[in-house]
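Reviewing the structure listed below.
The values are calculated or read from the model by the stated rules, or taken from the named source; none is laboratory data. Note that the structure is a prediction, hence the values are computed from the model and not measured. FYI the Cβ positions are ideal-geometry reconstructions off the backbone, even for glycines, and counts take in every protein chain you see.
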Amino acid sequence: MNSTRLAVKIAAGAVAAVSAAGCEDDSRPASRQAVTVFAAASTKDVVESLAVAFERTSHVQVRVSPGSSNQLAAQIIAGAPADVFISASSEWADKLRDSNLVESQSRFLSNRLVLVTPRRAASSIRYPADMVPIDRARVSLAGENVPAGRYAEQALRSLELFDSLASAGRIVRGGDVRMALSYVELGEADAGVVYATDARASSHVEAVYVFDESLHDPIRYPIILLKSAEKNEAAQKLYEFLVSDEAKRSFAAAGFTIVDGQ
């Protein structure tokens, strides 16, 4: 079973819970519209902040559901009620388009991969190759099908380090990039490969190395207005707000690179 079908099968069980949560809002006034955003975990902080700003001026309730892009996309394919999707991978945007679920799409953001170590612990790891000779040193990555985990694995394979670390059982996987980061923050991993924006948002890790972008696939974050929101005027307005100059300034302030165009 390929990864897409497996992810959709896993997500199907989650759809009922998401739908049930939406039903809880039946008691709210009919005049108060609501919009649901599925957002890649690495965009969580900025998207939640922008959602609050949008709510203030539009009086529209915005629900932000963060997680790994592969699982969020699988939930959408399985029927989860979402209006806007921000993915950390163009691949999952393409899968939604192939499923005829995309109303509008914009190329949106870019990011970088960095190597992080715990800030409060003395570490001799300054470069990726430093991890190999250290006995029992563990490195955290996001899951195999999570965009951040796939980019990280590609980078380590390009540097011919992944097989040595994996065969020694020294790679720990997190459900998403924030979980991979938390392993380093808590000292459960000696180093981690995460997005630069996540490292920047944490006071508990130090980014010691920036991976060259040629070592992995381009990191792109498409933003998608889903077809299910075609008649939801509030969702369309939120989509337009998230690609506005104001929102771009917020993402840039968090360390993302703005990538314009379709």
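Points worth noting:
- Selection of region 215-255 for residues being under 27 Å from Ser123 (Cα atoms) and either in contact with a strand residue (DSSP E or B) (Cβ under 7 Å, 6 or more places away or on another chain) or without any contact (Cβ under 8 Å) to a residue 40 or more places away in the chain (or both) yields only His216.
- Qualifying positions in region 38-75 - of a type in the set (Lys, Arg), in a helix (DSSP H, G or I) and farther than 20 Å from Ala180 by Cβ: Arg56
- Which numbered condition Ala30 misses (of (1) modelled with pLDDT of 95 or more; (2) not in a helix (DSSP H, G or I)): (1)
- Considered as a group, the residues in region 187-200 that are in contact with a Leu (Cβ under 6 Å, 6 or more places away or on another chain) and closer than 15 Å to Lys44 by Cα include one that is surrounded by the fewest Cβ atoms within 10 Å (Cβ to Cβ), and that residue is Asp198.
- Test set (1) of a type outside the set (Ser, Thr, Tyr); (2) in contact with a strand residue (DSSP E or B) (Cβ under 6 Å, 6 or more places away or on another chain); (3) surrounded by fewer than 19 Cβ atoms within 10 Å (Cβ to Cβ); (4) closer than 24 Å to Gly255 by Cβ - Val172 fails condition number: (4)
- In region 183-202 there is at least one residue matching the filter, namely being under 14 Å from Asn111 (Cα atoms), modelled with pLDDT of 95 or more and of a type in the set (Phe, Trp, Tyr).
- Single residue of Ser158, Ser203, Ser182 found to be among the hydroxyl-bearing types (Ser, Thr, Tyr) and without any contact (Cβ under 8 Å) to a residue 40 or more places away in the chain: Ser182
- Residue list for region 65-114, restricted to those being in contact (Cβ under 8 Å) with a residue 24 or more places away in the chain and of a type in the set (Lys, Arg): Lys95, Arg107, Arg112
- Within region 76-92, being surrounded by fewer than 24 Cβ atoms within 10 Å (Cβ to Cβ) and among the acidic types (Asp, Glu) holds for one residue alone: Glu91.
- Looking only at residues of region 93-119 that are hydrophobic (A, V, I, L, M, F, W, C) and more than 21 Å from Ala254 (Cα to Cα), we find that the one that is surrounded by the most Cβ atoms within 10 Å (Cβ to Cβ) is Ala93.
- Ser203, sole failed condition from (1) out of contact with any helix residue (DSSP H, G or I) (no Cβ under 6 Å at 6 or more places or on another chain); (2) of a type in the set (Gly, Ala, Ser); (3) surrounded by 15 or more Cβ atoms within 10 Å (Cβ to Cβ): (3)
- Considering region 219-243, the residues that are at pLDDT below 95 and assigned to a loop (DSSP other than H, G, I, E, B) include one that is surrounded by the most Cβ atoms within 10 Å (Cβ to Cβ), namely Asn232.
- Restricted to region 97-156, the set of strands (runs of 3 or more DSSP E) holding at least 3 residues that are within 23 Å of Ala74 (Cα to Cα) and at pLDDT below 95 comprises 102-110.
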